[in-house]
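Q: I'd like to ask some things about the structure below.
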Amino acid sequence: MASTAAAMLAEAEKWADAHYKEGARNHTIFGEWYADKVDDPGFAYAAWCDEFISYCGEKSGNGDVIGLYAYCPSHVNFFKSRKRWHGANADFKAGDIVFFDWDNDGIADHVELVRADSNAGAVVLTIGGNTASGTAGSQSNGDGVYRRTRYRSDILGVGRPAYQTAGATPPAVKPAPEYSPPAFPKGLAPNRSVPSAKPLQRALKATRWLGNDVELSDNYGPQTQKAVAGFNRKHGMNNAGVSYDPAIGPKGWALLFKLAYG
């Protein structure tokens, strides 16, 4: 079977159309397949975003150009060693393998498949496993296979598989679910106790700015402030002339919730 981006996309789309969901303790078909490949049953219950990409690669006849991985940083190195790596601000092509860096530490946290060409700076349409739908949940430890719209600010870069032929026209791009962030709440500010601090903290956890071990609270305290300040700095949301800005504003609130759940 000749390797093509169209075949890779068709295999991935099939699982999204089936609304595939993981079983207990992260168990998946993709993990079972990977565990058999590497002769280690523990991988049947591992984080499975990269197992999903590897599975789709082999089943679509693209195994040699996609690789066999369960660990995103190693998969990044696979593409870099073959000079098939492109940075976050490049033009992306349908069939590229896109890696995400939620906490901006230079290490890949999650991987998905690019569904449509995307010019530099534009949002990216993707499909991925072990992620969440458009309404809730962790983006890199979710419960199923979903189509998503992603922002460049969370992307580390893409690997471009050396597909042998262009193949047939890729499947028509199906829209990701629309998502509208909640209205910005009144009274939300550092060092105040308001109920809206909890949804802020949930969104910060979903985008990995706030650790899962931090207890939800009405208090907009130091840990929440530190997480917001990091988010503001990365996304250019600081007030003019302020290097450390722990206050979330309406624009930052909307962007945070879109990145978390959109």
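The values are calculated or read from the model by the stated rules, or taken from the named source; none is laboratory data. All of these numbers come straight from a predicted model, not from anything done at the bench. Don't worry about glycine lacking a Cβ; one is built from the backbone with ideal geometry, like all the others, and counts go over all protein chains shown.
Q: Can you confirm whether the stretch 183-195 contains a residue that is modelled with pLDDT of 90 or more and either surrounded by 22 or more Cβ atoms within 10 Å (Cβ to Cβ) or over 18 Å from Pro246 (Cα atoms) (or both)?
A: Restricting attention to the stretch 183-195, the residues satisfying the condition of being modelled with pLDDT of 90 or more are 183-195.
Of the ones still in play, those that are also either surrounded by 22 or more Cβ atoms within 10 Å (Cβ to Cβ) or over 18 Å from Pro246 (Cα atoms) (or both) are 183.
Yes.
Q: Modelled with pLDDT under 95, crowded, with 17+ Cβ neighbours inside 10 Å, more than 13 Å from Ile127 (Cα to Cα) and within 17 Å of the chain's Cα centre (by Cα): is that true of Trp48 in this structure?
A: On the way: modelled with pLDDT under 95: no; crowded, with 17+ Cβ neighbours inside 10 Å: yes; more than 13 Å from Ile127 (Cα to Cα): yes; within 17 Å of the chain's Cα centre (by Cα): yes.
So Trp48 fails the test.
Q: If you don't mind, there's one more thing I want to ask. Is it the case, given these coordinates, that Val65 is aliphatic (A, V, I, L, M), within 22 Å of Tyr146 (Cα to Cα) and in contact (Cβ under 8 Å) with a residue 60 or more places away in the chain?
A: Values: aliphatic (A, V, I, L, M): yes; within 22 Å of Tyr146 (Cα to Cα): no; in contact (Cβ under 8 Å) with a residue 60 or more places away in the chain: yes.
The answer is no for Val65.
Q: So, in the stretch 87-124, exactly how many residues are over 24 Å from Val145 (Cβ atoms) and either free of Cβ contacts under 8 Å to residues at least 60 places away in the same chain or surrounded by 15 or more Cβ atoms within 10 Å (Cβ to Cβ) (or both)?
A: Restricting attention to the stretch 87-124, the residues satisfying the condition of being over 24 Å from Val145 (Cβ atoms) are 87, 89-91, 104-106, 119-121.
Then keep just the ones that are either free of Cβ contacts under 8 Å to residues at least 60 places away in the same chain or surrounded by 15 or more Cβ atoms within 10 Å (Cβ to Cβ) (or both); that gives 90-91, 104-106, 119-121.
Residues meeting the conditions: 8.
Q: Additional query: Cβ-Cβ distance below 6 Å, separation of 6 or more or different chains: which pairs start in the stretch 201-217 with a residue that is farther than 11 Å from Trp102 by Cα and without any contact (Cβ under 8 Å) to a residue 60 or more places away in the chain and end on one that is outside any loop (DSSP other than H, G, I, E, B) and among the aromatic types (Phe, Trp, Tyr)?
A: Ala203/Phe257
Q: Of the residues that make up the stretch 125-142, is at least one modelled with pLDDT of 85 or more and over 13 Å from the mean Cα position of the chain (by Cα)?
A: No, because not a single residue in the stretch 125-142 is modelled with pLDDT of 85 or more and over 13 Å from the mean Cα position of the chain (by Cα).
Q: Among the numbered criteria (1) within 16 Å of the chain's Cα centre (by Cα); (2) at pLDDT below 95, which single criterion is violated by Gly159?
A: All conditions are met except number (2).
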